[in-house]
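Participant: One structure, pasted below without further comment.
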Amino acid sequence: MKVYMDNGATTRVTEPVMAAMQPYFCEIYGNPSSVHGFGREARKAVEAARAQVAKAIGAEPREIYFTGCGTEADNWALRGAAYANIKKGKHIITTNFEHHAILHTCKQLEKEGFEVTYLPVDSDGLVTPEQLEAAIRPDTVLVSIMYANNEVGTIEPIGELAAVAKAHGVLFHTDAVQAIGHVPIDVKAQGIDMLSMSGHKFHAPKGIGALYVRQGVRIQRLMQGGAQERGQRPGTENLAGIVGIGKAIELATADVEDRAAKMAAIRDHMIERIMKEIPHVQLNGHPTKRMCGNINVSFYFVESESILLHLDFKGIAASSGSACTSGSLDPSHVLLAIGVSHEHANGSVRLSLCEENTMEEADYVVDSLVEIVGRLRAMSPLYSDFLKGVETVGTED
Ligand SMILES: *Cc1c(COP(=O)(O)O)cnc(C)c1O
């Protein structure tokens with residue numbers, strides 16, 4: 001059996017999305033900027049996709065800009081808003097458990113003379129409107145808080161946070177890359193000024209993203225070049241990718257509540273079995289304000305790398321933390337931010353579902369985890385020391 005439970009890293013392109021994209025390689029290949037028939041046909045497809053993306057988040061088509069990826073959308077939102085408002089102030093607020101696309105951009109902005117406040121999250125991964133309120137200063141120009149965390153799945157109170165920013169006349173951006181297709185989003189109702197998304201996290205191909213920028217918000221462009229995307233994002237459009245993200249977001253958001261409920265049922269079944277059948281584990285992230293597809297568990301006394309290797313032998317794809325940081329030996333900054341110890345962070349595994357995962361797959365993965373963790377602990381000096389410690393305590397009684 002092969003089971004893919006690493007949908008937080010990327011998802012597969014589904015057949016309807018592939019079918020929608022197919023004509024845009026060999027048949028409809030005009031440059032959307034060309035005025036001839038070939039170009040006009042391509043332009044029509046780009047604008048149809050823009051309308052699909054806009055509708056999915058409650059925006060207007062002219063508020064959607066296509067980008068090369070989620071990382072570009074994040075970079076653009078932060079740098080673009082920071083530099084456009086430089087006369088008003090140079091203070092930015094974010095959290096300490098954002099994706100590196102946000103954190104590393106903030107670090108760079110600090111080098112360029114901006115000041116950044118990194119709000120700490122609590123042990124469930126939440127930031128509160130009160131925390132944000134207290135951090136806003138007269139020179140604050142931008143707040144960026146992620147919609148849902150990619151590693152532990154905590155969903156932030158985005159509407160309330162955006163309201164605080166708005167009350168102070170400060171722009172509010174959210175990295176919603178993990179949230180699209182998992183939670184209903186309405187940028188107007190929630191008062192969001194800018195929102196980043198990435199196609200490959202909801203069954204569009206890799207290499208296409210989008211940034212929503214509310215009408216009336218001015219941001220600087222990152223690159224200089226042609227007049228594409230209303231002069232704001234130069235470069236010939238990724239025509240097939242744009243068609244793909246349009247179709248994928250339409251499918252992902254059409255029945256978001258049903259999809260989320262189905263994923264949550266499988267997630268809860270897996271969490272329940274893991275907590276019941278494997279001793280010495282902890283669930284990382286919020287128990288309920290949690291993405292429907294996210295499971296993040298620390299298995300004490302074992303290394304996540306060993307668990308992942310053995311899962312891989314069994315055809316199961318999972319991850320430790322985010323794919324973007326795996327390969328580095330440092331424990332996840334997200335787990336450290338919610339107060340998980342280095343030791344327990346090193347034994348953490350993330351299982352991320354999409355709506356295609358089944359109960360049968362879920363049981364296979366948990367059965368495998370029970371076996372693998374048991375086997376690794378039997379060989380673990382840490383675990384035998386722990387057991388000895390327990391025995392010593394026992395004999396002292
Ligand atoms: C994947 C991810 C990104 C980066 O998106 P890319 O399209 O891979 O550049 C940014 N933020 C979050 C929360 C993500 O999960």
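Participant: Residues in region 70-90: is at least one closer than 26 Å to Lys289 by Cα, within 12 Å of the ligand (Cβ to nearest atom) and among the aromatic types (Phe, Trp, Tyr)?
Facilitator: Checked against the condition, which is being closer than 26 Å to Lys289 by Cα, within 12 Å of the ligand (Cβ to nearest atom) and among the aromatic types (Phe, Trp, Tyr), region 70-90 yields no hits at all.
Participant: Can you confirm whether region 154-175 contains a residue that is within 11 Å of the ligand (Cβ to nearest atom) and surrounded by 24 or more Cβ atoms within 10 Å (Cβ to Cβ)?
Facilitator: For region 154-175, residues within 11 Å of the ligand (Cβ to nearest atom) and surrounded by 24 or more Cβ atoms within 10 Å (Cβ to Cβ): present.
Participant: Could I ask something else about it? So which helices (runs of 4 or more DSSP H) stay within region 45-154 end to end and still have 1 or more residues that are free of Cβ contacts under 8 Å to residues at least 24 places away in the same chain? Please lay out each step first, then the result.
Facilitator: Working: elements: 70-84, 100-111, 129-135.
Output list reads 100-111, 129-135.
Participant: Residue by residue through region 320-334, note down the ones that are buried (at least 23 other Cβ atoms within 10 Å of the Cβ) and either more than 16 Å from Ser123 (Cα to Cα) or at pLDDT 95 or above (or both).
Facilitator: Within region 320-334, Ser320, Gly321, Val334 qualify.
Per-residue answers, yes or no, for (1) farther than 19 Å from Gly241 by Cβ; (2) among the polar types (S, T, N, Q):
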position	(1), (2)
Asn31	no, yes
Ser34	no, yes
Gly39	no, no
Tyr65	no, no
Thr95	yes, yes
Leu109	yes, no
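Participant: With Lys166, Lys188, Lys206 as the choices, which residue is out of contact with any strand residue (DSSP E or B) (no Cβ under 8 Å at 6 or more places or on another chain) and in a helix (DSSP H, G or I)?
Facilitator: That would be Lys188, the only listed residue that is out of contact with any strand residue (DSSP E or B) (no Cβ under 8 Å at 6 or more places or on another chain) and in a helix (DSSP H, G or I).
Participant: Taking region 118-131 on its own, how many of its residues are farther than 27 Å from Gly8 by Cα and either within 14 Å of the ligand (Cβ to nearest atom) or not acidic (Asp, Glu) (or both)?
Facilitator: Here the count works out to 1.
Participant: Filter region 266-280 down to the residues that are of a type in the set (A, V, I, L, M, F, W, C) and surrounded by fewer than 17 Cβ atoms within 10 Å (Cβ to Cβ) and list them by number.
Facilitator: We begin by selecting, within region 266-280, every residue of a type in the set (A, V, I, L, M, F, W, C); these are 266, 270-271, 274-275, 278.
Passing the criteria: only Met275.
A quick yes/no check of all residues on (1) assigned to a helix (DSSP H, G or I); (2) buried (at least 20 other Cβ atoms within 10 Å of the Cβ); (3) assigned by TED's automatic domain parsing to the domain that holds His182:
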{"residue": "Asn357", "(1), (2), (3)": "no, yes, no"}
{"residue": "Glu360", "(1), (2), (3)": "yes, no, no"}
{"residue": "Val365", "(1), (2), (3)": "yes, yes, no"}
{"residue": "Gly374", "(1), (2), (3)": "yes, no, no"}
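The values are calculated or read from the model by the stated rules, or taken from the named source; none is laboratory data. Keep in mind that what you see is a predicted model, and the values were worked out from it rather than measured. FYI the Cβ positions are ideal-geometry reconstructions off the backbone, even for glycines, and counts take in every protein chain you see.
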